[in-house]
Amino acid sequence: MPNALQKPQSAATAFMLAGAGWFVVGALYGMVSAIHLVAPEFFSNIPWLVFGRERPIHVNTMLYGFTGTMLIGCGLYYVPALLKTRLWSEPLAWVCFVLWNLTILSGPVCFSFGYTQGREYSEYVWAADLMLMVAVVLAIYNMVMTVAQRNESQLYVSVWYFFGAMLWTACNYPIGNVMWHPKTGAMPGLIDSIFLWFWGHNLPGLLITPLATGAAYYVIPRVARMPLNSHTLSLLGFWFLVALYTHIGGHHVLQSPIPNWLKTVSVVDSVSMVFPVSIVVINLWMTARGVGRRVWGDPAGRLVMGGIVWYLVTCIQGPLQSLPYLQRVTHFNNWTIGHAHIAMLGFGGYIALGAMWHILPLVTGRSVYSNKLVNLQFGLITFGLTGFFLDLTAVGLIQGSAWNNGETVYRVLPELAPFMITRAGLGIFILTGALVGFYNAVMTVLGGRRLAAEELQRAEEPV
Amino acid sequence: MKMTPGVLIIGALLVFWASAFIIAGLPAATMKEKPSDIWRPLTAEEEAGHRLYVANGCSYCHSLFIRINDWDIGAERIAQAGDYVGQEPIILGSERTGPDLSQEGGEHPDDWHLAHFTNPRYTSPISLMPSWEFLGRQEVRQLTAYVQALGLKAADYRTARQKYWKQQASAAYAAGPDANVEWIHSQVPEVWRRMPNPYPADAAALARGKRMYQDFCVNCHGPIGDGQGPAAAYLYPPPLNFTTLRRHLVENRYIGGIFYYQIMNGITGTAMPYFKKHLESEKIWDLANYLGVYFVGYTDANIEPRGIDAAYEGPWQNPYQPPAKGAK
Ligand code: HEM
Ligand code: HEM
């Protein structure tokens with residue numbers, strides 16, 4: 001077996017770098033999608049670059065490829081680190097890496113040519129579903145064995161979240177993707193929408209959210225150099241999350257003819273989501289109280305804190321747009337696209353990036369190539385995303401109110417133009433941020449200043 | 001509570017599966033697949049079209065269910081669970097960059113869809129929908145079959161009407177341009193035919209009419225109203241050449257009411273869509289004046305019978321003379 005595959009923490013590094021790479025790929029597809037919503041005749045009639053095919057590539061590459069991959073990479077480092085041991089098997093983690101990334105690669109490769117199951121967030125073809133499942137199961141096995149050989153009896157909250165994310169995904173993914181129907185990946189009839197959105201909401205809720213929360217729980221106390229505010233609170237947050245999040249998929253099809261009791265459950269639990277969310281936010285902010293300057297002054301800490309701010313915004317917006325009366329206006333338009341971006345890039349993406357910049361030096365033994373570039377990335381993405389949020393929310397309200405008052409979709413199209421142009425313009429900032437980050441990450445691994453032994457030890461010290 | 005690995009793994013799985021049982025298991029066990037009044041199975045060709053709909057991501061811009069607060073196409077029927085029986089997958093959609101398609105069947109005849117799929121801008125000049133020409137004629141035909149089936153039995157009713165009137169309109173068109181216009185006009189209800197446009201064709205109204213024409217009509221009827229827009233190559237009968245209408249004014253003076261009726265109602269069976277959902281009264285009268293002034297060289301705006309003028313109207317005098325009797 002090649003030595004590289006045995007090298008401690010090499011798989012974690014690979015996951016993080018791949019995540020930074022997928023961010024660039026996803027941003028390119030996002031840009032083309034955004035341009036097509038301004039000028040549909042741009043690159044017209046190119047089969048593999050038509051909106052209906054490039055959009056799922058953008059979305060899946062961003063969710064699974066960028067946030068998912070990068071956060072798994074972070075977890076592969078912090079779980080063993082918190083357990084004061086090594087990852088049980090590095091080669092196994094590499095197998096996991098290959099399968100996981102092949103799944104993501106299957107997006108651009110298959111969707112471009114119309115090979116897709118077509119259900120939002122469950123588009124990957126069956127073979128790719130299988131690869132993803134094997135990757136997740138291998139990760140669980142690796143983690144269980146790592147826990148078994150641990151030298152620290154306490155399981156810190158980040159470990160639970162990483163475990164939870166993997167366990168839930170292993171159960172969730174096959175249900176939502178209806179993997180027992182390999183051809184369509186769907187159930188016949190209306191019931192499919194319930195299965196679809198079971199996963200459709202658990203992908204953000206029980207994969208990205210616990211991964212990001214786990215990473216934040218790891219980074220914030222370390223950057224703040226303060227112990228976690230309250231373990232009891234983190235315990236409550238964890239159990240609330242899984243108990244509530246699993247029930248709310250129905251709010252995506254709230255106005256469709258699904259059974260009323262399902263709608264009721266989804267709305268009630270959506271509103272109750274304020275509990276687990278506030279717990280996380282309060283717990284982390286209390287951890288950093290008094291040392292805010294230290295956290296915001298640290299380039300990586302700033303990204304993670306920024307992610308928590310976006311989380312709060314997302315989760316104020318979320319319960320509101322779950323209310324049936326408000327959703328008549330916010331559903332079906334760019335309001336939701338705005339929510340999706342502050343959730344996935346703002347919350348998931350910021351924390352993934354922050355955790356990566358925090359962890360890369362620990363796994364490579366090299367300091368981040370350029371902290372200036374990390375700050376530049378923060379600035380570019382923050383400008384782009386804040387703009388996205390304002391722009392898409394505004395245009396969503398225009399669309400939603402116009403429709404609700406009897407205007408047709410077609411009549412409102414001209415009003416979208418200035419907002420769609422602005423979004424495409426802002427996208428350039430996010431794309432640049434992705435490129436800067438990728439360059440910086442690669443340079444860190446290749447040419448970052450080697451940390452002296454005692455520097456590294458200090459950096460790795462638990463709090 | 002102390003989080004041991006056992007508590008963590010077993011607890012996490014227990015809570016998860018309990019929730020999964022409620023949210024996915026219970027509905028699976030209790031939701032009955034009962035066909036609604038409009039349900040029918042899809043034909044093989046429609047199935048093929050459905051697969052193309054899924055494969056090409058039409059669902060990212062189109063939804064497939066009508067809500068109680070919808071007004072756009074399809075709003076006549078609010079979705080019911082039984083409309084979806086047996087379809088796999090039924091992608092309800094989460095975004096309406098384009099309109100809902102759950103009742104699209106029979107909204108337009110097949111030739112409209114051919115032009116539209118080839119390039120949506122041909123029929124709908126400001127559309128954001130991609131061109132699907134690259135799919136080739138066979139797949140476009142399958143897609144058309146599928147969208148014509150959306151609405152199932154309700155769609156069948158509408159497509160049958162399209163087919164019936166397509167035959168009549170084609171026969172009329174084959175009989176020559178003048179016979180064609182006479183036939184089209186004979187389908188307009190009597191009361192509309194002798195109705196002049198009640199509103200002035202002043203500069204502002206014509207400017208509004210022009211904007212509307214550019215947004216909705218120009219790629220069929222053409223920038224000079226001769227019916228030679230890029231869509232014409234796909235449509236039969238082709239878009240009307242307005243310039244011939246000069247010799248078809250009713251009693252050599254009326255055309256406004258016919259314009260209004262045709263734009264509001266469309267000409268079912270031909271590619272001419274109805275615009276009553278997009279445009280309300282003032283916009284349609286403005287368009288009628290625009291067509292008249294720019295393409296026929298005459299509008300009957302504000303001539304007798306005219307009733308009491310609306311409160312906003314200025315002292316506008318119609319300067320247009322009807323064509324000399326018998327002139328070609
Ligand atoms: C270069 C910057 C980006 C641009 C230009 C961009 C553009 C777009 C566009 C045009 C859409 C389709 C919207 C529609 O159908 O109306 C979209 C959807 C989406 N994007 Fe992005 N995006 C960018 C970055 C990101 C990032 C970084 C993420 C996540 C980490 C992300 C996650 C999503 C998601 C989840 C959706 C689906 C939203 C939904 O269906 O509600 N995007 N994006
Ligand atoms: C309190 C928490 C939250 C609530 C109550 C909530 C609620 C909602 C609702 C009601 C929708 C559907 C909007 C519509 O279609 O009209 C939605 C969409 C979405 N949410 Fe959230 N949200 C929450 C947090 C999050 C988080 C943390 C993430 C990501 C990590 C997220 C990601 C998304 C995405 C990607 C969509 C777009 C789905 C689509 O394609 O239509 N949400 N959310």
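The values are calculated or read from the model by the stated rules, or taken from the named source; none is laboratory data. Treat the numbers as computed from the prediction; the structure is a model and nothing was measured. Glycine also receives a Cβ, built like all others from the backbone with ideal geometry; neighbour counts cover every protein chain displayed. Heads up: the accessible areas ignore ligands, DNA and RNA and are worked out on the full protein's heavy atoms, side chains in. Shrake-Rupley method; radii C 1.70, N 1.55, O 1.52, S 1.80 Å.
Remarks
- A count restricted to segment B:7-23 and to residues that are open to solvent by 60 Å² or more (accessible area, probe 1.4 Å) and within 8 Å of chain A (Cβ to nearest Cβ) stands at 2.
Rundown of residues vs (1) closer than 24 Å to residue A:220 by Cβ; (2) within 14 Å of chain B (Cβ to nearest Cβ); (3) buried (at least 20 other Cβ atoms within 10 Å of the Cβ), yes/no style:
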residue: A:361; (1), (2), (3): yes, no, yes
residue: A:372; (1), (2), (3): yes, no, no
residue: A:385; (1), (2), (3): yes, no, yes
residue: A:394; (1), (2), (3): no, no, no
residue: A:399; (1), (2), (3): no, yes, yes
residue: A:407; (1), (2), (3): no, yes, no
residue: A:432; (1), (2), (3): no, no, no
residue: A:437; (1), (2), (3): yes, no, yes
residue: A:454; (1), (2), (3): no, no, no
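- Any pair with Cβ under 8 angstrom, 6 or more apart, that starts in segment A:238-253 at a residue that is more than 9 Å from chain B (Cβ to nearest Cβ) and ends at one that is of a type in the set (A, V, I, L, M): A:240/A:279; A:241/A:206; A:251/A:267
- Flag if residue A:345 is within 14 Å of chain B (Cβ to nearest Cβ) and within 13 Å of ligand 2 (Cβ to nearest atom): no
- Filter result (of a type outside the set (Asp, Glu), part of a helix (DSSP H, G or I) and touching a Phe, Trp or Tyr at 6+ places or on another chain (Cβ under 9 Å)) within segment A:267-281: A:272, A:275, A:276, A:277, A:279, A:280, A:281
- Test: residue in segment A:141-160 that is within 16 Å of ligand 2 (Cβ to nearest atom) and either without any contact (Cβ under 8 Å) to a residue 60 or more places away in the chain or open to solvent by less than 20 Å² (accessible area, probe 1.4 Å) (or both): no
- The one condition in (1) more than 7 Å from every other protein chain (Cβ to nearest Cβ); (2) open to solvent by less than 20 Å² (accessible area, probe 1.4 Å) that residue B:116 fails to fulfil: (2)
- Flag for residue A:293 being out of contact with any Leu (no Cβ under 7 Å at 6 or more places or on another chain) and at pLDDT below 95: yes
- Single match in A:278, A:266 (criterion: within 16 Å of ligand 2 (Cβ to nearest atom), farther than 30 Å from residue A:378 by Cβ and either open to solvent by less than 50 Å² (accessible area, probe 1.4 Å) or within 11 Å of chain B (Cβ to nearest Cβ) (or both)): A:266
- Scan of segment B:124-141 for residues that are more than 12 Å from chain A (Cβ to nearest Cβ) and either open to solvent by less than 20 Å² (accessible area, probe 1.4 Å) or within 20 Å of residue A:51 (Cβ to Cβ) (or both), ordered by number: B:140
- Screening residue A:313 on (1) away from ligand 1 (no atom under 16 Å from the Cβ); (2) surrounded by fewer than 19 Cβ atoms within 10 Å (Cβ to Cβ) shows it passes everything except condition (1).
- Yes/no for residue A:169 being more than 20 Å from residue A:307 (Cβ to Cβ), surrounded by 24 or more Cβ atoms within 10 Å (Cβ to Cβ), more than 9 Å from chain B (Cβ to nearest Cβ) and not aliphatic (A, V, I, L, M): yes
- Of all residues in segment A:103-116, exactly one satisfies the criterion of being open to solvent by less than 10 Å² (accessible area, probe 1.4 Å) and at the interface with another protein chain (Cβ under 10 Å from one of its Cβ atoms), namely A:111.
- Selection from segment B:169-186 of residues that are over 22 Å from residue B:298 (Cβ atoms) and open to solvent by 60 Å² or more (accessible area, probe 1.4 Å): B:171, B:173, B:174, B:175
- For segment A:57-88, the set of residues classified as near ligand 1 (Cβ under 10 Å from one of its atoms) and within 14 Å of chain B (Cβ to nearest Cβ) consists of A:58, A:59, A:60, listed by residue number.
- Any hit, segment B:24-43, residues being open to solvent by less than 40 Å² (accessible area, probe 1.4 Å) and facing chain A (nearest Cβ under 9 Å): yes
- The set of residues in segment A:212-259 being of a type outside the set (A, V, I, L, M, F, W, C), more than 14 Å from ligand 2 (Cβ to nearest atom) and assigned to a helix (DSSP H, G or I) consists of A:217, A:218, A:221, A:222, A:231, A:232, A:234.
- Close pairs (6 angstrom Cβ cut-off, 6 or more residues apart or separate chains): at positive phi and more than 8 Å from chain A (Cβ to nearest Cβ) in segment B:59-77, more than 16 Å from ligand 1 (Cβ to nearest atom) and in a loop (DSSP other than H, G, I, E, B) anywhere: B:74/B:66; B:74/B:102; B:74/B:103
- Here residue B:103 qualifies as outside any helix (DSSP H, G or I), more than 7 Å from chain A (Cβ to nearest Cβ) and touching a residue at least 12 places away in the same chain (Cβ under 8 Å).
- Candidate set from segment A:180-218 (those that are away from chain B (no Cβ under 11 Å) and over 28 Å from residue A:159 (Cβ atoms)); member that is least open to solvent (accessible area, probe 1.4 Å): A:182
- Of the listed requirements (1) more than 28 Å from residue A:413 (Cα to Cα); (2) free of Cβ contacts under 8 Å to residues at least 24 places away in the same chain; (3) open to solvent by 60 Å² or more (accessible area, probe 1.4 Å), residue B:203 misses just one: (1).
- Complete set of residues in segment A:36-51 that are within 11 Å of residue A:113 (Cα to Cα) and either facing chain B (nearest Cβ under 7 Å) or open to solvent by less than 40 Å² (accessible area, probe 1.4 Å) (or both): A:47, A:49, A:50
- All of A:200, A:189, A:205 fail the test of being out of contact with any Asp or Glu (no Cβ under 9 Å at 6 or more places or on another chain) and either assigned to a helix (DSSP H, G or I) or without any contact (Cβ under 8 Å) to a residue 60 or more places away in the chain (or both), apart from A:205.
- The set of residues from segment B:82-111 being surrounded by fewer than 23 Cβ atoms within 10 Å (Cβ to Cβ), out of contact with any Gly (no Cβ under 8 Å at 6 or more places or on another chain) and more than 26 Å from residue A:397 (Cβ to Cβ) comprises B:82, B:110, B:111.
Per-residue answers, yes or no, for (1) open to solvent by less than 50 Å² (accessible area, probe 1.4 Å); (2) touching a residue at least 40 places away in the same chain (Cβ under 8 Å); (3) over 24 Å from residue B:162 (Cβ atoms):
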site	(1), (2), (3)
B:268	no, yes, no
B:274	no, no, no
B:292	yes, yes, yes
B:296	yes, yes, yes
B:305	no, yes, yes
B:324	no, no, yes
